[in-house]
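Asker: Questions regarding the structure given below will be posed in turn.
Each value in this text was obtained by applying a stated rule to the coordinates, not by laboratory testing. Treat the numbers as computed from the prediction; the structure is a model and nothing was measured. For neighbour counting, all protein chains shown are included, and Cβ atoms are generated from backbone atoms with ideal geometry for every residue, glycine included.
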Amino acid sequence: MSEQDLIIVQHSIAMTLADVCRKSAKNRIRLLAQDPDYTLQSQKILEEYGFEIVGKFGAGGFSEINEESIVFSPFVSAPVKQILADIARPALVISDGFGAFNDSEKPWADADSPRTQQMWQEYQSYDFPVSPDDAQLNDSNLHKLILQFRIATEVASCQ
């Protein structure tokens, strides 16, 4: 699967999550995206599908995260988990889990630390469900994703 295909799959998952939450929500569900590498064309396409592009420069998108947020951050090159440990406890975090090393045994940019490990004690973890029938997704590493739900809370907009 090409990097472009992976990006499309990741944004499709985010759109699906938002759609599911919107069906049962009493409030409007915002779908936010942040990536400094978005081109103008990418931004336009994402906006057509209901995404708001935030924090184009710097970490502005992180200021939007609160305890009712769902954070979808697979295979990022920024220390998202570290930032979350400092600013918020989202209801749900979907990320590449706790594996801190790549194929060359080098740490990922978003590796866990004692601070994030303490945060994860407040969460229950589940493997991201990928059907065996979706063999084409095996190259995407989506089967390595982890769903981390904050304990003793419900995702307010998806109740």
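Asker: Rank-order 110-117, 42-49, 2-9 by packing density, defined as the average count of other C-beta atoms within 10 Å over each peptide's residues, highest first.
Answerer: Values: 110-117: 15.2, 42-49: 13.5, 2-9: 12.0.
Taking the mean over residues of other Cβ atoms within 10 Å, the ranking is 110-117, 42-49, 2-9.
Asker: Sorted by packing (mean other beta-carbon atoms within 10 Å per residue), highest first, where do 89-96, 28-35 land? Could you put the intermediate results ahead of the total?
Answerer: Details: 89-96: 21.0, 28-35: 16.5.
Final packing ranking: 89-96, 28-35.
Asker: What ranking, highest mean first, results for peptides 120-131, 60-71 when packing means the other Cβ atoms within 10 Å averaged over each residue?
Answerer: On the way: 120-131: 12.5, 60-71: 16.0.
Ranking, from highest mean packing down: 60-71, 120-131.
Asker: Here's a follow-up. Assuming R0 = 22 Å, what is the FRET efficiency of residue 144 and residue 76, from their Cβ-Cβ distance, to the nearest 0.05? Let's see the in-between values first.
Answerer: Numbers: r = 13 Å, r/R0 = 0.60.
FRET efficiency, residue 144 to residue 76: 0.95.
Asker: Quick one: which residues, 5+ away or cross-chain, put their amide H under 5 Å from the amide H of residue 71? H built at 1.01 Å from N.
Answerer: The answer is 92, 93, 94.
Asker: Evaluate E = 1/(1 + (r/R0)^6) for residue 87 and residue 131, where r is the Cβ-Cβ distance and R0 equals 41 Å; express this FRET efficiency to the nearest 0.05. Mind dumping the intermediate values first?
Answerer: Numbers: r = 34 Å, r/R0 = 0.84.
Efficiency for this residue pair is about 0.75.
Asker: When the chain is fully extended, how far beyond the present Cα-Cα distance does residue 19 get from residue 2, taking 0.36 nm per residue of separation?
Answerer: On the way: separation 17, 0.36 × 17 = 6.12 nm, distance 2.56 nm.
Gain on stretching residue 19 to residue 2: 3.6 nm.
Asker: Also: Using the Karplus curve 6.51 cos²θ - 1.76 cosθ + 1.60 with θ = phi - 60°, what ³J(HN,Hα) values do you get for each residue of segment 36-46, in whole Hz, with x for Gly and Pro?
Answerer: Taking θ as phi minus 60°, the curve returns x, 8, 4, 7, 4, 5, 4, 4, 4, 4, 4 Hz for segment 36-46.
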